[in-house]
Amino acid sequence: MAETTTRVLIPESFQGGTYDIAGQMGLIWELIKAPLIVPLLRVCVYISLAMSLMLFFERLYMGIVIILVKLFWKKPEKRYTYEPIQEDLELGSSNFPVVLIQIPMFNEREVYKISIGAACGLSWPSDRLVIQVLDDSTDPTIKQMVELECQRWASKGINIRYQIRETRGGYKAGALKEGLKRSYVKHCEYVAIFDADFRPEPDYLRRAIPFLVHNPDIALVQARWRFVNSDECLLTRMQEMSLDYHFTVEQEVGSATHAFFGFNGTAGVWRIAAINEAGGWKDRTTVEDMDLAVRASLRGWKFLYLGDLQVKSELPSTFNAFRFQQHRWSCGPANLFRKMVMEIVKTKKVTLWKKFYVIYSFFFVRKIIAHMVTFFFYCVVLPLTILVPEVYVPIWGAVYIPSIITILNSVGTPRSIHLLFYWILFENVMSLHRTKATLIGLLETGRANEWVVTEKLGDIVKNKAAEAAKKPAPKFFKRPKFKFGNRLHLLELGFGAFLFVCGCYDYVHGKNNYFVYLFLQTITFLICGFGYVGTIIPSS
């Protein structure tokens, strides 16, 4: 048979490097860079700069307003009708409204005693208080423990009810909705909601309820969260910085200027009539609290935030628990925005200015743009411009605007100002997950309705530390057991490798010295990728 030969059909310019794959890739890159990559990356830069400016003006607006609020606004007791409720010699406690306390739970082994005990310790007439423990636990042992704790308090004269459901449909929203259907609730005017790790002070109701009693247009009084484990590790310190800004600025500004903000799902007191008028609890998203707040606001109800009224709670102290929580908190608002934007536009009970505030400021900028610009600009677009030097990013967009936004974000937690730079790097890592969750919520795909209950440890860490201190030191060091695969997060490791390559390229060829930021960001991605962010103890 005649011999046959194989001919490689590639351009002449490639034939000298047929076996040089790297050389061929380089030639292909040069061929497509000018007509395709450069224009596309420039468009991404312009979009990123536009989003940065939107976020900048939003932060600047809130910064100016919060200064005016602190300097010139009257205290809530002066802005609204307020008079403490006192026991009457003739009427006794009957002038106190009947209040329902709802405590939703799901396998809360470590914290159920804390929340139940705090609710039973509220200084409110016992005959005017109903405590409802809504237990969706699937562990029979935990269910029995919670029920016995309720019986223990009931034996002391506390009106406490232990409620379970056959199924966990609707998650927390389903439990709260089912709880309001109970016959004994029809006598209650207000409902206070506390998650299983929340510990209200005894005077909580005495400080919050008068605003609802004397101001019939107020539907919700929201308290501020304080964190009992904020100093546990670097992860909890980072969370405290983000949440303190939310409560110190975002909630305060919304309350003072629009009498509207997103209900935080716990540590708040609702007027039950407002819940019913708004359509009750709905489980169409994983942010049932925000859903109810928006619907109630569109019907003309007002909200009041009390920054001085504080409730102790717990922050997630493991990176996996924090990631699941952030997925729910980012995916849910985006999904709710998709479902409610036209309803907000069409409503006739609120002003055009309030509609604009809810759609643009509350939802679009804070819940969508804030996540996306942090990730796309600082973790994708800016590093790519190092590999494509033809694309220019102005210094005001790359440095000045982000620096001002960061300074404005830091006002909530002055004690952690020395951790500000690491907080920026950590927030950039988390923006990866928040952006992913936001897109899932907007497109309503995949994990859009996923609900993973945040793991709570209560006092277990403190108790174990105390026990360890009492015990004599062991003679031999025993290596702790853990599965390395449970710590490994490939997405963070992948982006860490990408940023490291960009940093090396900038160190060799770049002119902007971005490699300093890129190497630090790489380290942060790797720390999170290997799951060690929750084990680092911050210095005070």
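The values are calculated or read from the model by the stated rules, or taken from the named source; none is laboratory data. Quick caveat: nothing in here was measured; it's all calculated off a predicted structure. Cβ atoms come from the backbone with ideal geometry, glycine included; neighbour counts cover every protein chain shown. What goes into the accessible areas is simple: the full protein's heavy atoms, side chains included, and nothing from ligands, DNA or RNA. Shrake-Rupley method; radii C 1.70, N 1.55, O 1.52, S 1.80 Å.
Note on Tyr507 and Thr141: their simple-model spin labels are 5.1 nm apart, each label 7 Å out from Cα toward Cβ.
Let me spell out the model: positive unit charges on the Cβ of Lys and Arg, negative unit charges on the Cβ of Asp and Glu, origin at the Cα centre of the range 114-214. What dipole size does that give, in debye rounded to 20?
280
For Leu309, the amide hydrogen comes within under 5 Å of the amide hydrogens of Arg224, counting only partners 5 or more places away or on other chains and with H modelled in the peptide plane. With contacts taken as Cα pairs under 8 Å at a separation of at least 6 residues, the chain carries a relative contact order of 17 percent.
Taking Lys and Arg as +1 and Asp and Glu as -1, the other residues whose beta-carbon sits under 15 Å from that of Pro97 total 0. Stretching Asp127 away from Leu60 to a fully extended chain increases their span by 19.3 nm, per 0.36 nm per residue minus the current alpha-carbon distance. Can you give me the distance in nm between label points at Arg165 and Glu30, each placed 7 Å from the Cα along the Cα-to-Cβ direction? For Arg165 paired with Glu30, the spin-label model returns 6.4 nm.
Here's the picture: charge each Lys and Arg Cβ at +1 and each Asp and Glu Cβ at -1 in the chain, and of Ala437, Trp281, Pro414 the one pushed furthest to the positive end of that dipole is Trp281. In the assembled protein chains, Lys355 presents an accessible area of approximately 30 Å² (probe radius 1.4 Å). Extending 7 Å from the Cα toward the beta-carbon at both Phe530 and Ile404 defines two label points whose distance is 3.9 nm. Look at the alpha carbon pairs under 8 Å that are at least 6 residues apart: their mean separation over the length of the range 178-331 gives a relative contact order of 38 percent.
In sequence order, the range 259-273 has phi-based couplings of 6, 9, 6, x, 4, 7, x, 7, 6, x, 10, 9, 7, 4, 4 Hz under the Karplus curve 6.51 cos²θ - 1.76 cosθ + 1.60, θ = phi - 60°, and Gly or Pro positions carry x. Here the gap between Ser94 and Leu488, fully extended at 0.36 nm per residue and compared with their Cα-Cα distance, gives a gain of 136.0 nm.
Across the cross-link table entries Lys113/Lys143; Lys339/Lys436; Lys302/Lys348; Lys156/Lys312, which are compared at the Cα atoms, the separations over 23 Å belong to Lys156/Lys312. In whole Å, what is the distance between the alpha-carbon centres of the range 270-328 and the range 49-71? Result: 23 Å between the Cα centres. Counting Lys and Arg as +1 and Asp and Glu as -1 over every other residue whose Cβ lies under 15 Å from the Cβ of Arg284, the net charge comes to 0.
Counting only whole DSSP H helices of the chain, the ones at least 24 Å long by C-alpha along their axis and with mean Kyte-Doolittle hydropathy no lower than 1.0 are 38-72, 490-509. Cβ-Cβ distance of Val411 and Trp73, R₀ of 22 Å, FRET efficiency by 1/(1 + (r/R0)^6): the value works out to about 0.85.
One entry in (1) 23.1; (2) 27.6; (3) 37.1 is mean projected area of the Cα convex hull in nm² calculated from the shown coordinates; its label is (3). Under the convention that each Lys and Arg Cβ holds +1 and each Asp and Glu Cβ holds -1, the size of the dipole of the chain around its Cα centre is about 480 debye. Charge tally around Cys150: other residues with Cβ under 12 Å, Lys/Arg +1 each, Asp/Glu -1 each, net +2.
FRET efficiency for the pair Asn320 and Ala497, taken as 1/(1 + (r/R0)^6) with r the Cβ-Cβ distance and R0 = 22 Å, rounds to 0.55.
Roughly to the nearest percent, how much of the accessible area of the chain is carbon and sulfur, given a 1.4 Å probe? Could the numbers behind the result be given before it?
Details: 16190 of 26580 Å².
Within the chain, the accessible surface is 61 percent carbon and sulfur.
One chain, two ends: Val345 and Lys156. Fully extended at 0.36 nm per residue, the span grows by 62.9 nm beyond their Cα-Cα distance.
If you take the beta carbon distance between Glu450 and Tyr46 as r and set R0 to 45 Å, what does 1/(1 + (r/R0)^6) give as a FRET efficiency, to the nearest 0.05? Step by step, r from the Cβ atoms, then E = 0.85.
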